[in-house]
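Each reported figure results from applying straightforward, stated rules to the coordinates on display, with no laboratory input. Since this is a predicted model, take the numbers as computed values, not measurements. Cβ placement follows ideal geometry from the backbone for every residue including glycine, while neighbour counts extend to all protein chains displayed.
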Amino acid sequence: VKYCSRVAAAFATIVCATGALAQGSLVDVVEYYNATLDHYFISSLPGDIGALDSGALKGWARTGQVFKAYDAPAAGTSPVCRFYLPPALGDSHFYSASPAECAEVSAKFPAFSYESPSVMHVGLPDAATGACSPGWAPVYRLWNQRADSNHRYTTDAGVRADMLARGYVAEGYGLDGVAMCSPNGGGTFDLTFTSSALILMPGDVRDAYLIVTPRNGYSGAVAVTVNGLPAGVSVQLD
C-alpha cells in the first residue's frame, strides 16, 4: 500500500523524515515440561528453543502449548523480564510484563538472577480486573506453592483449571490471575518513506511516498497524520 504525500513550499526549506517506523515481529512462546523436576518453562528465544528441542538440555519436552508475543517493542506492549531462581530456591524461571513488578522482585529477592529486562514483549492487563485489550488473549500465571518454586504460564482456561485442581494458585491481575496479554495474531506493519529528506525551493511541489508493508497477517486500517511542518509548507495526502 502506498500513500502519496504532496509537499509544497512557499520558501526554501529542508523537510526531513524518519527512514522507517518498524515494530517487532510475532513469535511463538513455546512451553516445555520436565517430568523429573515437575517444572514448566517457556521461551520465545531461538537459543533456548534450539537447546531444548535438540536435547542439549536434558529432560525437557514440548507440551504442545504455545502463545504469541513480539520479539521487540510494538504498539501497546510492555517488555517481559526474566529471573532465574537458583537450585536452592526452585531451579526455575519467573516472568513478568510489569516493570514495577520486575523492580519489586529484584529488590525483594536479591538471590534471584535477573537474566533480562526484555526477553519478549506482550500486553499488560488491567491492573484491577485483569482484562486484556480487544485483540489480546489473557496469559494466566499459576504457582506450584512448593519449596522448588515454579510457575506455569498459559492462555488455555482448561489448563488453568487443571493446575488449580492440582494445588497451584493463580497469580496476576483480577480474579483469574492474568499476568500478561498475548496478541491474537493481528500482525503489525512497517512504515517506510521513499526519501529521508526533501529539499524545497519557493513554490516547489514534490511527491513523496509512504509505503505501508503489512507483516504477520496485518489487515487493519492505517491512519496517517503529519505534524511539525515548517511555516509555509503544506502536505496533501492522496
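How far apart, in nm, are two points set 7 Å out from the Cα along the Cα-to-Cβ line at Asp162 and at Leu45?
2.7 nm
By how many nm would the segment from Ser54 to Leu229 grow when fully extended, if each residue of separation counts as 0.36 nm and the alpha-carbon distance is taken off?
57.6 nm
Can you tell me how the range 69-185 classifies by the Cα gyration tensor, rounded, prolate or oblate, using a/c under 1.5 as the rounded cut?
Oblate is the answer for the range 69-185, as a/c is 1.5 or above yet b/c matches or exceeds a/b.
Taking amide H positions as placed in the peptide plane 1.01 Å from N, state which residues far from Val178 in sequence (5 or more) or on other chains have amide H under 5 Å from it.
For Val178, whose amide H was placed from the backbone, the distant partners under 5 Å are Tyr173.
Using per-residue counts of other Cβ atoms within 10 Å, averaged over each peptide, order 153-159, 230-236 from highest down.
153-159, 230-236
R0 = 35 Å: FRET efficiency of Leu37 with Ala127, Cβ-based, nearest 0.05?
Efficiency at R0 = 35 Å is approximately 0.65.
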